[in-house]
Amino acid sequence: MARPKPRISRESNIEFIDDKSGARMVHYGTRFREVVLPRGSRVIYPNAPLDPLGNPKAAIRYALNHPEGADPFFAQLKPGMKLTIAMDDISLPLPPMKSPDLRELILTELLKQCAEYGVDDIHIIIAVCLHRHMTGPEIRKTVGSKIYNEYYPDRLYNHDAEDLDNIVELGETDHGERVRLNRRAAESDLLVYVNINLVPMDGGHKSVTVGLCDYLSVSAHHNTHTMHRCHSYMDPRPDKSRLAKICNRMGEIVDKELNVFHIETALNNRMYGGQLAYLGRPETTWSEFDRAKFQGSCALLERLPESARRSFFEKIPSHYELTAIHAGATEPTHDKILDACFKQYAVPVKGQCDVLVSGIPFISPYNVNSILNPLLIQVMALGYLFNMYRGSPLIKKDGVMILFHPCHESFNRTHHPSYVEFYHRILSIGTNSYDIHQYEREFAENPDYIHMYRHGNAYHGVHPFYMWYWGDAGRAWVGKVIVVEPENLRVPKQLGWESAPDFNTAMDMARSFLGKPHPEVTMSHAPPIMIADVEA
């Protein structure tokens, strides 16, 4: 028997539930489930994927030969020069792309032109900043076997922010921010940066000044004072994001002292492909076959242990496609890519909500091939999902976030050793960033954490502090966070959140907190990524 379709009022990407058939899919952790939303709830869907460029290789060559505010790439090449190519690390895109990765295509064209012009002093540096170093197999998958075999490990390697002999200081801004970068990059005749803009926060001056710096530089903006003064991390205008404003100041020194050639790209949001493509569409467009696949997938996933579910999702690559590529000087290149990013992601929304409902996916920029530990659950909720807006926040001041995630108290001790101490020790002392900031330097200078960062695959010891600060703006704005059906009740409690055994109970808790019997409810139907252009 055919499933009756709910009566929906649909305008652009917005749906309003006007009857009792308000079941909508939530993707959280390594699970999917359906949630029946209250009548009158608003559901915001991402835009459909933009059409990709027809010939990515030709688009790459065109961008290199027709740059913004700079000479063409080939015109800057000469025999005997020192060339360094820096590139984004494994933290994006999410999930990782199916092969070939876009970075492989760009590097291939860059190296081809270098060979034609007699340039052979080339290093490729992965701009990890204080992220974990990528492993050999991860690097191979990103750049392809040909480049990997020729350059790794002597001329293709991770940036080391703790190799202080290979850090140089370029200058200091008029606000006292010290600009310190990788020596090889700073002493090159030409520094090329290969970037993927998964969200508008990426790219621009942030690429070089953050990706290739050390702790003293990154601490100038990755701190609680800065994060409290960002009205949205996804709105990179200097009057909206203090983070962007500081990076721009520091980047001006970089551009003054170095010859930097940026290559920036924008992707569509085709996260799911093949048999899973239906997951990127509204449920009201699903066929009966799609719904049968969904129900079968849910049943299968519920039978698997968590580690097997995570392994299953990690093996599914994204199907993102190139929609724009520009190259040249920092700011004009970045401006064009921002336009392309917002064209894909921006969804006009009228009015804020009292209650925001969303699932937290299994992956973040900080746990690729790893575990979404409790601190990363927090940063995805209050650092990313809350900040996916321009204009005004999607949720009203002192509103309620209702989140779905199993909240396992699990850590990958190879990737996140300092997170364990931060979660159990520091959060037991307090959750106010201004109070716990005093312990930051202790973690940053811990010799064991530094050793694991430099010689293993661990995030820098200070990184959990930055993840906590990243949630500051959301914590200051949101009145209450409720997690539905967490498997470990201690996790939300340690994060300063509350928990509910089911969605209906969570809604009752929200109504009681807000003092409203019929609060305005909005569900953010993500992933894929979207950014709400909110008109309050």
Checklist entry - Hey, any hits in the stretch 335-346 for a residue that's β-branched (Val, Ile, Thr), part of a helix (DSSP H, G or I), over 14 Å from GLY29 (Cα atoms) and touching a residue at least 12 places away in the same chain (Cβ under 8 Å)? => result yes
Checklist entry - Pick from the stretch 442-472 the residues that are of a type in the set (Gly, Ala, Ser) and crowded, with 22+ Cβ neighbours inside 10 Å: which of them is farthest from SER241 (Cα to Cα)? => result ALA458
Checklist entry - Of all residues in the stretch 183-218, how many are in contact (Cβ under 8 Å) with a residue 60 or more places away in the chain, out of contact with any Gly (no Cβ under 8 Å at 6 or more places or on another chain) and outside any helix (DSSP H, G or I)? => result 15
Checklist entry - Among the residues of the stretch 267-313, which ones are aromatic (Phe, Trp, Tyr) and part of a loop (DSSP other than H, G, I, E, B)? => result TYR272, TRP286
Checklist outcome for this item: When the stretch 220-240 is checked residue by residue, the ones that are under 20 Å from ASP174 (Cβ atoms) and free of Cβ contacts under 8 Å to residues at least 12 places away in the same chain are HIS225, PRO238, ASP239
Checklist entry - In the stretch 173-193, is there at least one residue being under 22 Å from LEU105 (Cβ atoms), crowded, with 18+ Cβ neighbours inside 10 Å and under 19 Å from the mean Cα position of the chain (by Cα)? => result yes
Checklist entry - From the list LEU375, LEU394, LEU427, LEU382, which residue is in contact with a helix residue (DSSP H, G or I) (Cβ under 6 Å, 6 or more places away or on another chain), under 30 Å from HIS518 (Cβ atoms) and assigned by TED's automatic domain parsing to the domain that holds ARG475? => result LEU382
Checklist entry - Of all residues in the stretch 444-472 being among the aliphatic types (A, V, I, L, M) and closer than 21 Å to LEU372 by Cα, which is farthest from the chain's Cα centre (by Cα)? => result MET452
Checklist entry - Name the residues in the stretch 160-199 that are over 25 Å from GLU264 (Cα atoms) and among the acidic types (Asp, Glu), would you? => result GLU162, ASP163, ASP165, GLU169, GLU172, ASP174, GLU177
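One line per residue, one yes/no per condition, for (1) outside any helix (DSSP H, G or I); (2) touching a Lys or Arg at 6+ places or on another chain (Cβ under 8 Å); (3) free of Cβ contacts under 8 Å to residues at least 24 places away in the same chain:
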{"position": "ASP71", "(1), (2), (3)": "yes, no, yes"}
{"position": "ALA75", "(1), (2), (3)": "no, no, yes"}
{"position": "PRO79", "(1), (2), (3)": "yes, no, no"}
{"position": "ALA86", "(1), (2), (3)": "yes, no, no"}
{"position": "GLU104", "(1), (2), (3)": "no, no, no"}
{"position": "GLU109", "(1), (2), (3)": "no, yes, no"}
{"position": "ARG132", "(1), (2), (3)": "yes, no, no"}
{"position": "PRO137", "(1), (2), (3)": "no, no, yes"}
{"position": "TYR148", "(1), (2), (3)": "no, yes, yes"}
Item to check | Among the candidates GLU442, GLU498, residue that is touching a helix residue (DSSP H, G or I) at 6+ places or on another chain (Cβ under 9 Å) and of a type in the set (Asp, Glu) | outcome: GLU498
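The values are calculated or read from the model by the stated rules, or taken from the named source; none is laboratory data. Source: prediction; values computed, not measured. Note that each Cβ is placed from the backbone with ideal geometry, even for glycine, and that neighbours are counted across all protein chains shown.
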